[in-house]
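The values are calculated or read from the model by the stated rules, or taken from the named source; none is laboratory data. From a predicted model like this one, the values you see are computed outputs, not experimental measurements. All Cβ positions, glycine included, derive from the backbone under ideal geometry; neighbour counts span all protein chains shown.
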Amino acid sequence: MENQNILEVKNLHTSFFTDKGEVKAVNGVSFNLSRGKVLGVVGESGSGKSVTAYSIMQILADTGRVVEGEILYKGENILNYSKKQMQQFRGKCCSIIFQDPMTSLNPVFTIGYQLMEAILLHTDKNKKEALARSIELLEMVGVNEPAKRIKQYPYELSGGMRQRVMIAMALATEPDILIADEPTTALDVTIQAQILELMQDLQHKLGMAIIIVTHDLGVIASMCDEIIVMYGGRVCERGTADDIFYRPSHEYTKGLLRSIPNVDNIGQKLVPIAGNPINLLNMPKGCAFCARCEEALKICVDEVPPEMQMPDGHYASCWINVMNQLREEGRLKAE
Ligand SMILES: Nc1ncnc2c1ncn2[C@@H]1O[C@H](COP(=O)(O)OP(=O)(O)OP(=O)(O)O)[C@@H](O)[C@H]1O
Ligand SMILES: [Mg+2]
């Protein structure tokens, strides 16, 4: 049977080698992306979400390097790709939308020029066909008067419009995978909802797989088939949106849910997770979340928790679950 996973990330470690030492931004991340599915990557600022995305695209800063692991696209390890193969991968197989469209759109070229450039570079269309395709793409992403827009410059468009143009650019080559790195954080709430709706709509129409990166679990939950929760460059929990929302097993995920509005805490005070993110220059020996976890055990300080399958089938990496399981099996004495 054909492999249903279009992308498999296995034990990914990515570090930055700086004057101050090795910044271990990603520390053993694994996940699978099925064809045509939506995967959410959630975690607070600095948890390694973007670095994971950039590792896949191989667009890390000069000081950054994947030091261990595999990234399999249709079963092939793209870390072994040549520069040319990688260029093709970035064009035809996988596209990325960045958080701030102004940093990725070039202010001195028109929208049309930039769209056409992407199409001409990655497809065998001629100029006339590329122009027609640009207009078609703008129409598809809901930009009004596309024939007029292609002659405009990025600054002449609103933030929401610019983000739509970015999506059109990412779709220009009809990739199998679209990575959206915080695609809506720069936008206000109404526009944010419109853009997410558009992405969902396009995903249904075009059947591509999407990785959507965000620090806002509430915003994306409804559109994700699966969610991974990251902390300190590791995956602490992964499962369906329902698993994560209704049956969280990791203390960090529980904390995240307490810090965002949802049906269970209407009228209650939102509780931010206390404490500071870890120092990636000096990773703790055990669980990365340990210092901020109210339930932490002694073993959490000393050893990295293994990933364990929960009774409902989803996965969490937390010693408390492991200990509970051992206790239930009678292999650990209850205190
Ligand atoms: N070029 C770099 N040099 C050194 N450290 C870096 C570099 N880029 C990222 N890092 C570090 O890697 C860690 C993970 O960063 P990353 O950008 O992946 O976080 P993130 O989860 O995307 O956060 P955010 O929600 O703020 O976008 C951070 O601590 C960051 O400081
Ligand atoms: Mg980021």
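Considering only the range 33-90, how many residues are near ligand 1 (Cβ under 8 Å from one of its atoms) and of a type in the set (Phe, Trp, Tyr)?
So the answer is 1.
Just one of (1) in contact with a strand residue (DSSP E or B) (Cβ under 7 Å, 6 or more places away or on another chain); (2) among the β-branched types (Val, Ile, Thr); (3) away from ligand 2 (no atom under 12 Å from the Cβ) trips up Val41, so point out which.
(3)
With respect to Glu237, is the statement that it is at positive phi and in contact with a His (Cβ under 8 Å, 6 or more places away or on another chain) true?
no
As an exercise: evaluate Pro284 against (1) touching a Lys or Arg at 6+ places or on another chain (Cβ under 7 Å); (2) modelled with pLDDT of 80 or more and give the number of the one condition it does not meet.
Looking at each condition in turn, Pro284 falls short on (1).
Name the pairs whose Cβ atoms lie under 7 Å apart, with the first residue in the range 27-45 and of a type in the set (Gly, Ala, Ser), the second part of a loop (DSSP other than H, G, I, E, B) and within 16 Å of ligand 1 (Cβ to nearest atom), and 6 or more positions between them or separate chains?
Filtered contacts from the range 27-45: Gly43/His215; Ser45/His215.
Output the residues belonging to the range 157-171 that are among the small types (Gly, Ala, Ser) and not in a helix (DSSP H, G or I).
Selection gives Ser158 alone.
Please go through the range 305-335 and give me each residue that is free of Cβ contacts under 8 Å to residues at least 12 places away in the same chain and either surrounded by 14 or more Cβ atoms within 10 Å (Cβ to Cβ) or part of a loop (DSSP other than H, G, I, E, B) (or both), ordered by number.
Result: Pro311, Asn324, Glu329, Gly330, Arg331, Leu332, Lys333, Ala334, Glu335.
With (1) without any contact (Cβ under 8 Å) to a residue 40 or more places away in the chain; (2) of a type outside the set (A, V, I, L, M); (3) more than 16 Å from ligand 1 (Cβ to nearest atom); (4) surrounded by fewer than 21 Cβ atoms within 10 Å (Cβ to Cβ) as the list, and Pro272 as the residue in question, which single condition is left unmet?
(3)
With the structure loaded, tell me whether Ala288 is part of a loop (DSSP other than H, G, I, E, B), surrounded by 18 or more Cβ atoms within 10 Å (Cβ to Cβ) and of a type in the set (Gly, Ala, Ser) or whether it fails that test.
Taking the combined requirement at face value, the residue satisfies it.
Within the range 127-147, is there a residue that is within 16 Å of ligand 2 (Cβ to nearest atom) and part of a helix (DSSP H, G or I)?
No: the range 127-147 contains no residue that is within 16 Å of ligand 2 (Cβ to nearest atom) and part of a helix (DSSP H, G or I).
Write out, first by first residue and then by second, each pair whose Cβ atoms fall under 7 Å of each other, whose residues are 6+ apart or on separate chains, and whose first residue, in the range 49-76, is of a type in the set (Phe, Trp, Tyr) while the second is within 16 Å of ligand 2 (Cβ to nearest atom).
Taking only residues 6 or more apart or on different chains, the pairs are Tyr54/Leu60.
The rows are residues; the columns are (1) under 23 Å from Val38 (Cβ atoms); (2) hydrophobic (A, V, I, L, M, F, W, C); (3) under 21 Å from the mean Cα position of the chain (by Cα).
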residue	(1), (2), (3)
Arg133	no, no, no
Glu145	no, no, no
Leu171	yes, yes, yes
Ile177	yes, yes, yes
His204	yes, no, yes
Met208	yes, yes, yes
